[in-house]
Amino acid sequence: MMSEDPKRLFVQMVGRLGRETQFHLDERQHHFHITNIVLMVVSALLLVVAVFNVYYIHILSNDLNGIVDNMDSMHTNLEVVRVNMNRITDKVESIDKHMGNMDQITAHTEAMGQLMPGVGDSMGKIGAVMVSIDQEMGQMSRSMGNIDQRFRHMTGGVSVMRYNVRQMSRPMGVINPALP
């Protein structure tokens, strides 16, 4: 009996070791299967996120291109407004020069006023109004110069904004060159 006991103990030990090994292998296989499922789900989610990111980058690129186009249009329109303001300033200066001749007209009107007492009072009032108009035209000429200067500042600001937006949109083309 003694010779069978060590053999039986050895067989039982090897059997138990085999069962435990198989149990660990089955458990490991089960965990690998769960890990593979989790990896597939995470990969699918990352793929969906990547598709949305590409879509949003495309939309952002289109929006930035629209902003740049609007800045270009605004810059062009401000240039036209600046040219028109220069023309208006020139016209106001011309009117101001013509108003300078009103003093002579006023002097001649006063001479006529001495000849015609009834007309003289009215002409004196007209002369006072002409002096006031002359002063207002001078103020208007200065105001037009100020407006022209402000439009130049605005045009410069729009140029800087347009440049900055182009600088911001440049990396979008580098990130995804397939986008239009």
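Quick note: the coordinates plus some simple rules give every number you see, no bench work behind them. In this text, all values refer to a predicted model and were calculated from it rather than measured experimentally. Please note: Cβ atoms are built from the backbone with ideal geometry, for glycine as well, and neighbour counts cover all protein chains shown.
The table below gives the values:
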{"item": "Top positive-direction residue, dipole computed over the chain with Cβ charges, set Phe32, Phe52, Ile133", "result": "Phe32"}
{"item": "Among (i) 45.8, 165; (ii) 21.8, 73; (iii) 20.0, 59, the entry derived from the coordinates for Rg and Dmax of the Cα atoms in Å", "result": "(i)"}
{"item": "Between segment 7-66 and segment 134-166, the alpha-carbon center distance in angstrom", "result": "66"}
{"item": "Within segment 4-175: Cβ-based charge dipole about Cα centre, in debye rounded to nearest 20 (Lys, Arg +1; Asp, Glu -1)", "result": "820"}
{"item": "Gaussian network model of the chain, Cα within-10 Å springs - most flexible of Met130, Met40, Met74", "result": "Met40"}
{"item": "Fewest-first sequence of His98, His75 by Cβ atoms within 10 Å of each Cβ", "result": "His98, His75"}
{"item": "Within segment 61-103: Cβ-based charge dipole about Cα centre, in debye rounded to nearest 20 (Lys, Arg +1; Asp, Glu -1)", "result": "160"}
